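Below you'll find the structure, written out as structure tokens, and then a few comments.
The values are calculated or read from the model by the stated rules, or taken from the named source; none is laboratory data. Nothing here was measured: the structure is a model prediction, and the numbers come from that model. Counting neighbours? That spans all protein chains shown, and the Cβs are built from the backbone with ideal geometry, glycine included. For the accessible areas, the whole protein counts, side chains as well, though only heavy atoms, and no ligand, DNA or RNA atoms are used. Shrake-Rupley method; radii C 1.70, N 1.55, O 1.52, S 1.80 Å.
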Amino acid sequence: MSYKFEIKDANLHYGSFQALYDINLDVPQKQVMAFIGPSGCGKSTLLKCLNRMNDLVEGCNVEGDFLLDGEDIYRDIEVTSLRKRVGMVFQKSNLFPMSIYDNIAFGPRTHGIKKKAELDEIVETCLKQAAIWDECKDRLKKSALGMSGGQQQRLCIARALAVKPEVILMDEPTSALDPISTLKVEELCTELKRKYTIVIVTHNMQQAMRIADRTAFFLHGRIEEEGPTERIFNNPHNEKTREYIGGQFG
Amino acid sequence: MQAVFLVCACISILCVAVICIYMFAKGCPAIAKIGVAEFLGGKDWFPTNSQPSFGIFPMIVGSMYVTAGAIMIGVPVGLLTAVFLAKFCPKRLYKFVLPAVNLLAGIPSIVYGFFGMIVVVPFVRSVFGGTGNSIITASFILGIMILPTVIGMSESALNAVPSQYYEGALALGATHERSVMRVVLPAAKSGVCAAIVLAIGRAVGETMAVVMIAGNQARLPHQLTQGVRTLTANIIMEMGYATGLHYDALLGTGVVLFVFILMLNLLLSAVTSKKER
Amino acid sequence: MNEQMKMTYKAHPLSFVMKLLVWICAAATVGVFLMLVGYVLVRGVPYLSTSLFSLHGTTDNVSILPSIINTLKMVGIALLIAAPLGICCAIYLVEYAKKGSKFVKAIRLTTQTLSGIPSIIYGIFGSMFFVTALKWRLSLLSGACTLAIMVLPVIITSAEEALKSVDDSYREGSFGLGAGKLRTVFRVVLPSAVSGILSGVILAIGRIVGETAALVFTAGALTKIAGLKDSGATLAVHMYNLSNEGLHMNEAAAAAVVLLITVMLLNAFASFAAKRIKKTSGEI
């Protein structure tokens, strides 16, 4: 099996507070990997390391190796091209206050695509890939903020797809959505993993069971256990994992 | 006691009402006496001739020129300075830049005019030729004077933009600069527009600084190095000795200016109420 | 600049240009400010002589002392009118008025309008209303009344902000002890908002000290110490006359120094007071 991400001996400090301890993790190619664990356990922090959004946090200090296809993302790869390759969908939709079209086209334009025909094509394919084309094809020029919450989140996914990433990071993408919208996003994930590697942070263990191929369980800044989702949920080796999944804390 | 507070609260309404009534009641008949078309469209201003003519068109054009010039200088610089303060400025530097901007707002216009006289006029004279008392000089000084207005309002508009827009743009692989200029700045559009409207108002209404450096010739200018007279300058220069119809014509000039400012105010409240919605 | 940033800007040269532009504009703003202050100081400080501060102004010594005294009087009278009115208006808006009612909106709109009216319009109005209609002639009183209207919005807005920033628990505490509305306002709310109100008043003083256009036709330009009903030039008007005649540019420069330093000190005080309000409300 080939690995998309290899993380070796990673430690992370916010100022004097250590948020991640000795993380070692391999993320396989074209699968869905879920990060689960109670809040404040470091799962979002690790996710944000993968496209260096942690750079924004003042006093954040990352140690260890993060390899994307064998290249060190903190040393060898230029940060904007890293984020082009590793897209991200946030907890709350952060569509820009512009038209749907301009939202989707923002990424490609950023990376130098100027031709109208080419942009049109990208917008259409991405919206279709995100299974939202039918809902918004007649209102591409209208403000994206007029869509419902679930639609907005899928538009965010479409926008992330538009820069042709290799990996999509999702930070609790459904935590603010209703069950039906959640289901749609989940279906989308299963669809997308054929072409993309997906890492998803979730609070919802059922969600991890439904969509993830592998699951990592975080506690107090450490990965307590990692493995195929089925085994983690049915036969956890670690005592703490068993307690968490059994609903004893978190 | 509540009644006292209530009466005090009415004071600003009362002031605006009285000012409006006086300006229009005194100024409009004056304009009517001269004739609206002749007053607004007339190209000649010879108030003291035996056959006087009262055309303020040159002054309207003059005010427009210097205001446009001020906007062209002050808005880009002010906007980018606001971007700097909101998104680029290291914390340690902020403590020095912000007071500088605030103090710029506090400097009296007469001091700006004086600075224009002793520094900018000679400079413009040696670089562009002419007397130095010109559209360029006035635009430059006004451009500086509107900086604090543009910076203050734009910066707070930029700071009010939710940070998730910025993060979203970064996550798509945009640089810090592109995220700020293409996502954060457009999102702050209405605040920036309000700042520009306010700045236009300040530039149009400025009197002392302009009268000291703009040359004040009441004729249509053909070059940027020529002097102009603005509406405000027209009033301050001649009101002291004007009598009769001449005085009325100056009141009329005031009314034109006043109407323009009121329209800008309406525009401003339209822009800000749009933002709230 | 570290290696990573170099890589980014190498890949996106336009972004680097943008960054440079932003820094240049900020530098230009600060630079212009420093240049302005620097030039005025260099040009004016050498002429700050003792004769410039002699009590009796003549056309010879063009003393600025009478105009300074006039300025102080002007500030005093204008504030005596504007401060109580403005603060009471703010009290009504914050403590008594129904939020969002039409009346409050009208007050907001008119206050905003007042702050947008240029000073020359105030000058015309003052000369028509106070000087001519009320027959107060060119006098400190006419000038001060004109200026009082002009600074009203400054005082109202800052007082309103200051009152709003007073925590509601203070009011509830006072009511809980059985105090009435009025007592609460005067004994509890006003004292805790005092630094914010002060900052607005100081800003208003700055406006009055620097104002010229509104005073030329209301208070006149006589350079002698004036009584309430006499015409008298404030420092800014005096400076305008000096530089307008062109005969006393050096003295005008000296007057500019005095004006500039006064206004800058006032602004510094105002922001100091404003900072104190933040601190005290932070402690709550």
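Quick notes on this one:
- On the protein assembly as shown, 61 percent of the accessible area sits on carbon and sulfur atoms, based on a 1.4 Å probe.
- Here's the picture: charge each Lys and Arg Cβ at +1 and each Asp and Glu Cβ at -1 in the protein assembly as shown, and of B:MET181, A:PRO28, C:VAL194 the one pushed furthest to the positive end of that dipole is C:VAL194.
- Simple spin-label estimate for B:PHE123 and B:MET1 in nanometres, 7 Å along Cα-Cβ: 5.5 nm
- Label zone (B:THR48, point 7 Å along Cα-to-C-beta; backbone nitrogen cut-off 12 Å) within region B:240-259: B:240-243.
- Dimensionless Rg/Rh of region B:1-123 - Kirkwood Rh, Rg from C-alpha atoms: 1.14
- Pairs of Lys residues in region A:140-246 that lie 8 or more places apart, or on two chains, and have C-alpha atoms under 29 angstrom apart add up to 10.
- Computed about its Cα centre, the charge dipole of region A:160-250 is approximately 220 debye, with only Lys, Arg, Asp and Glu carrying charge at their Cβ.
- Space enclosed by the convex hull of the alpha-carbon atoms of chain A, per residue, Å³: 126 Å³
- Whole-number percent relative contact order across region C:54-283, with pairs defined as alpha carbons under 8 Å at least 6 apart: 28 percent
- Column: log10 I(q)/I(0), Debye, Cα scatterers of region C:163-284, q = 0.09, 0.10, 0.12, 0.17 Å⁻¹: -0.44, -0.51, -0.63, -0.86
- For chain C, modelled as a GNM whose springs connect Cα atoms under 10 angstrom apart, the maximal fluctuation among C:ILE91, C:ILE121, C:ILE69 occurs at C:ILE121.
- Extreme residue, positive dipole direction of the protein assembly as shown, given options C:SER127, A:SER44, A:SER93 (C-beta unit charges): C:SER127
- 222 nm mean residue ellipticity, helices alone, for chain B (DSSP H n ≥ 4; -39,500 (n - 2.57); rounded to 500): -23000 deg cm²/dmol
- Under Stokes-Einstein, with the Kirkwood radius over Cα pairs as Rh, the value for region A:1-69 at 20 °C and 1.002 mPa s is 170 µm²/s.
- Cα gyration tensor category, rounded, prolate or oblate, for chain C with a/c compared to 1.5: oblate
- About its Cα centre, the dipole of the protein assembly as shown is roughly 1500 debye, where the only charges are +1 on Lys and Arg Cβ and -1 on Asp and Glu Cβ.
- From the Kirkwood radius over Cα pairs of region C:3-47, Stokes-Einstein at 10 °C and 1.306 mPa s returns a whole-number translational diffusion coefficient of 123 µm²/s.
- For the residues of A:97-109, the average number of beta carbons from a partner chain within 10 Å of their own beta carbon is 3.
- For the residues B:LEU198, B:LEU250, B:LEU93, a GNM of chain B with alpha-carbon springs under 10 Å puts the largest fluctuation on B:LEU93.
- Between region B:87-124 and region A:77-91, the C-alpha centres lie 41 angstrom from each other.
- 3J(HN,Hα) from dihedral phi, region C:192-199, Karplus parametrisation 6.51/-1.76/1.60, rounded to Hz, x for glycine, proline: 7, 9, 4, 5, x, 5, 4, 4
- For chain B, lysine pairs separated by 8 or more sequence positions, or belonging to different chains, with Cα-Cα distances below 22 Å total 6.
- Alpha-carbon Rg with Dmax, taken over chain B, Å: 21.8, 74
- With the helix formula -39500 (n - 2.57) applied to DSSP H stretches of n ≥ 4, chain A reaches a computed 222 nm mean residue ellipticity of -10500 deg cm²/dmol.
- Under the Karplus curve 6.51 cos²θ - 1.76 cosθ + 1.60, θ = phi - 60°, whole-Hz ³J(HN,Hα) for region A:32-47, x wherever Gly or Pro sits: 9, 10, 10, 9, 10, x, x, 5, x, 8, x, 5, 5, 4, 5, 4
- For q = 0.12 Å⁻¹, Debye-computed log10 I/I(0) when each Cα of region C:101-225 counts as one equal scatterer: -0.59
- Relative contact order of chain A, defined on C-alpha pairs under 8 angstrom at six or more residues apart (%): 28 percent
- Karplus-derived 3J(HN,Hα), 6.51/-1.76/1.60, for each residue of region C:71-82, Hz, glycine and proline x: 4, 4, 4, 4, 4, x, 5, 4, 5, 4, 7, 6
- Residues whose amide H lies under 5 Å from that of A:CYS60, counting only those 5 or more places away or on a different chain, are A:GLY15; hydrogens are built 1.01 Å from N in the peptide plane.
- Taking the Cα centre of region A:3-245 as reference, the dipole from Cβ charges on Lys and Arg (+1) and Asp and Glu (-1) amounts to some 940 debye.
- Net length available on complete extension from C:THR50 to C:LEU247 is 69.0 nm, with 0.36 nm assigned per residue and the Cα-Cα distance removed.
- Taking every Cα-Cα distance in the protein assembly as shown and sorting them into 10 Å bins starting at zero, the pair-distance distribution P(r) comes out as 2, 11, 18, 19, 16, 13, 10, 6, 3, 0, 0 percent.
- Annotation: per residue accessible area for region C:3-47 equals 59 Å², rounded to a whole number [probe 1.4 Å, protein chains only].
- Each residue was assigned an accessible area with a 1.4 Å probe, and for A:ASP178 the value is about 70 Å².
- Mean residue ellipticity at 222 nm, helices only, chain C: -23500 deg cm²/dmol; runs of at least 4 DSSP H residues each add -39,500 (n - 2.57), and the sum is divided by the number of residues.
- Normalising the average separation of contacting C-alpha pairs (under 8 angstrom, six or more residues apart) by the number of residues puts the relative contact order of region B:178-276 at 33 percent.
- With R₀ fixed at 22 Å, the C-beta to C-beta distance from A:GLN91 to A:LYS116 puts the FRET efficiency at about 0.10.
- Here the mean projected area of the convex hull built on the C-alpha positions of region A:88-228 is 8.9 nm².
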